[in-house]
Amino acid sequence: MAYPRTLADLIDVAVACDPERTALIDRHGEWSYAELDRRASQVANGLIAHGVGPGQRVAVLIGNESRFVEALLGTWRAGAVAVLANTRLMPAQVADQVADSQAGVVLASTELTGAAAAVAARTDGTRIFLGDKYDAWRESHPTARPAVEVAPDDVGMQPYTSGSTGTPKGVLLTHRGQLHNARVVAQVDMIAEDDRALVSAPIFHANAMAGAVLPFLVAGGSVVILPRFEVEDVAAAIARHRCTFMTGVPSMYAALLSAGAFEWHDMSSLRFVACGSAPVTRELLEWLESVVPGVIVMEGYGLTEGGPVVTESPRFGLRRLGSIGLPLPGVQVLLRRVDGEEAGVGEVGEILVRSPGMAVGYHGNPEKFAARITADRWLRTGDLAHADADGYLYFHGRMDDMMNVGGENVYPQTVEALIRQYPGVAEVAVVAAAHATKGQVPVAFVVAKPAAMVDPGQVKQFCLENGPAFAHPRRVVMVDQLPVSAIGKLDRQRLTVMAAAEAGLT
């Protein structure tokens, strides 16, 4: 048994050591590592039979289910590059990403027929294996693993960025880099063979893929996959399958807690949970740890181009609630001020990253990627943070979100943290709006707790009395809920449009 060198070898150790151990569970059934191994090789042989060779693109348009994982493994075993389009977008947008990737084959599930049809209409010669036809196609090919040479530095994955700062870009990630990321996440999280992850976030996204699927499979654990996040389904699945781990975004945990899910389902099997992809409040973390005795909440930070996972708070040892943690083993992080100097303790600076998992480029756009690499070979993330004396990092949002209010830098998260202290506030988001004399000013969107009465004027006065005057929100807008993107992130672009409509800012 050779030690895994590429993502094509991801499950080789588990297959050799305990082939009948459960690898995947979804709504269709349960699959052992041996069965996943056979199915992945069938996919690989099917792709090769249709002319797919090393370096060619295969788009995986499959929802949250075991077929996604077998298609991914099969693509790697054929030596091809797995294109992970954002299947939560509109069909035409999915087709744009697949067309950009130049994928010659699309593996699509039944629920994504609209996206597959849009792809077929946009591309010439693209072969699509769809739904039940996909199963029949896979089963018609041999289960023996094909003898295809895959090199560690070959590109293995091409996910697409969320597009929050422009047109989505195909990110080129190598086998070596992603295998390294999976291993170190498994080590830092101390994933054991009896650990079982619950995944309900979009499986194509780094939160689920890099935070759970890859590290659990390389460690020989099990992954329970749900089609989507629904409070009842998640709670029931954790109780039924005795999941020890869950990964998700803050809004998922807030929904579970608000609905009382931990009270009417036995989720005591949870040992540790990961929360990332968006800023998380200290109040939410403390609430979660108080409701689930003994559970450890691990915060983290990452980006598709940078690892994807860059930092995590440790599962054991010194912990800092509200911190995104420490750099993973083998990962370097530098905080650089706007003047180009390294930020000191407590100073806010841009997060720069060096990591074995770093992207090697953008598909078809090398100039765009090169612009993000500094002369001394650091990746500029565009995100802001500060470090404490122990090296723990604290996220401050994106540089694009920072506003200059009459010459003073204001970070939305700082204003949001202050507003959360006001009684009755459940959620808050702060964005910039143009101002005639100040240049930019903060506008706050606030969601009140159930049955709470929150007066916008009093929130504004609270900020004036408890924070710097220049940073107080010039308008507080009460909303029923904050808008989120297809992957559950706060949609700041939409809020910025809403803020621009607020007239008479003073």
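Among helices (runs of 4 or more DSSP H) entirely within the stretch 183-274, having at least 1 residues that are surrounded by 21 or more Cβ atoms within 10 Å (Cβ to Cβ) and of a type in the set (Val, Ile, Thr) singles out 214-218, 231-241. Checked against the criterion of being more than 26 Å from the chain's Cα centre (by Cα), outside the structural domain of residue 454 (by TED's automatic domain parsing) and touching a residue at least 12 places away in the same chain (Cβ under 8 Å), the candidates 389, 434, 375 yield just one match: 389.
For the stretch 105-114, which positions are surrounded by fewer than 19 Cβ atoms within 10 Å (Cβ to Cβ) and either touching a residue at least 40 places away in the same chain (Cβ under 8 Å) or acidic (Asp, Glu) (or both)?
Within the stretch 105-114, just 111 meets the criteria.
Any residue that is farther than 24 Å from residue 27 by Cβ, out of contact with any His (no Cβ under 7 Å at 6 or more places or on another chain) and in the same structural domain as residue 182 (by TED's automatic domain parsing) - is there at least one of those in the stretch 84-91? Yes, the stretch 84-91 contains at least one residue that is farther than 24 Å from residue 27 by Cβ, out of contact with any His (no Cβ under 7 Å at 6 or more places or on another chain) and in the same structural domain as residue 182 (by TED's automatic domain parsing).
Tell me, please, whether a residue that is assigned by TED's automatic domain parsing to the domain that holds residue 229 and within 26 Å of residue 401 (Cβ to Cβ) can be found in the stretch 288-297.
Within the stretch 288-297 (the criterion being assigned by TED's automatic domain parsing to the domain that holds residue 229 and within 26 Å of residue 401 (Cβ to Cβ)), the answer is yes, since at least one residue qualifies.
Here's the yes/no breakdown for (1) surrounded by fewer than 17 Cβ atoms within 10 Å (Cβ to Cβ); (2) closer than 21 Å to residue 309 by Cβ; (3) touching a helix residue (DSSP H, G or I) at 6+ places or on another chain (Cβ under 6 Å):
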{"residue": "141", "(1), (2), (3)": "no, no, yes"}
{"residue": "150", "(1), (2), (3)": "no, no, yes"}
{"residue": "160", "(1), (2), (3)": "no, yes, yes"}
{"residue": "171", "(1), (2), (3)": "no, yes, yes"}
{"residue": "177", "(1), (2), (3)": "no, yes, no"}
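Restricting attention to the stretch 398-439, the residues that are touching a Pro at 6+ places or on another chain (Cβ under 6 Å) and on the phi > 0 side of the Ramachandran plot add up to 0.
For every residue, the table says whether it meets (1) under 25 Å from residue 5 (Cβ atoms); (2) buried (at least 24 other Cβ atoms within 10 Å of the Cβ).
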{"site": "35", "(1), (2)": "yes, no"}
{"site": "51", "(1), (2)": "no, no"}
{"site": "56", "(1), (2)": "yes, no"}
{"site": "61", "(1), (2)": "no, yes"}
{"site": "79", "(1), (2)": "yes, no"}
{"site": "92", "(1), (2)": "no, no"}
{"site": "116", "(1), (2)": "no, yes"}
{"site": "121", "(1), (2)": "no, no"}
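Tell me yes or no: at least one residue of the stretch 14-35 is closer than 16 Å to residue 79 by Cβ and assigned to a helix (DSSP H, G or I). No, the stretch 14-35 has no match at all. Figure legend. Inter-residue proximity from the stretch 65-91: first residues over 19 Å from residue 115 (Cβ atoms), second residues part of a loop (DSSP other than H, G, I, E, B) and basic (Lys, Arg), beta-carbon distance below 8 Å, spacing 6+ or different chains. Indicated pairs: 77/145. Can you name every residue in the stretch 395-417 that is more than 22 Å from residue 491 (Cβ to Cβ) and crowded, with 19+ Cβ neighbours inside 10 Å? Correct list: 405 only. Within the stretch 141-172, if we keep just the residues that are part of a strand (DSSP E or B) and in contact with a Pro (Cβ under 7 Å, 6 or more places away or on another chain), the residue that is nearest to residue 353 (Cα to Cα) turns out to be 171. Counting only residues that are within 13 Å of residue 105 (Cβ to Cβ) and either modelled with pLDDT of 95 or more or outside the structural domain of residue 35 (by TED's automatic domain parsing) (or both), the stretch 61-78 holds 4 of them.
Tallying residues that are under 11 Å from residue 471 (Cα atoms) and more than 23 Å from the chain's Cα centre (by Cα) within the stretch 415-429 yields 2. The stretch 85-140 holds helices (runs of 4 or more DSSP H) entirely within its bounds, and those carrying 2 or more residues that are under 21 Å from residue 158 (Cβ atoms) and either in contact with a Leu (Cβ under 8 Å, 6 or more places away or on another chain) or of a type in the set (Val, Ile, Thr) (or both) map to 91-101, 113-122.
Contact annotation: residue pairs with Cβ atoms under 8 Å, 6 or more positions apart or on different chains, pairing a residue in the stretch 285-304 that is of a type in the set (S, T, N, Q) with a partner that is not in a strand (DSSP E or B), are 304/161; 304/206; 304/359.
Here's the yes/no breakdown for (1) assigned by TED's automatic domain parsing to the domain that holds residue 78; (2) in contact with a Pro (Cβ under 8 Å, 6 or more places away or on another chain); (3) touching a residue at least 60 places away in the same chain (Cβ under 8 Å); (4) of a type outside the set (Asp, Glu):
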| residue | (1), (2), (3), (4) |
| --- | --- |
| 11 | yes, no, yes, yes |
| 17 | yes, no, yes, yes |
| 24 | yes, no, yes, yes |
| 38 | yes, no, yes, yes |
| 42 | yes, yes, yes, yes |
| 45 | yes, yes, yes, yes |
| 48 | yes, yes, yes, yes |
| 53 | yes, no, no, yes |
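The values are calculated or read from the model by the stated rules, or taken from the named source; none is laboratory data. Keep in mind it's a predicted model, so treat the numbers as computed, not measured. Every residue, glycine as well, gets a Cβ built from its backbone with ideal geometry; the counts of neighbours run over all protein chains shown.
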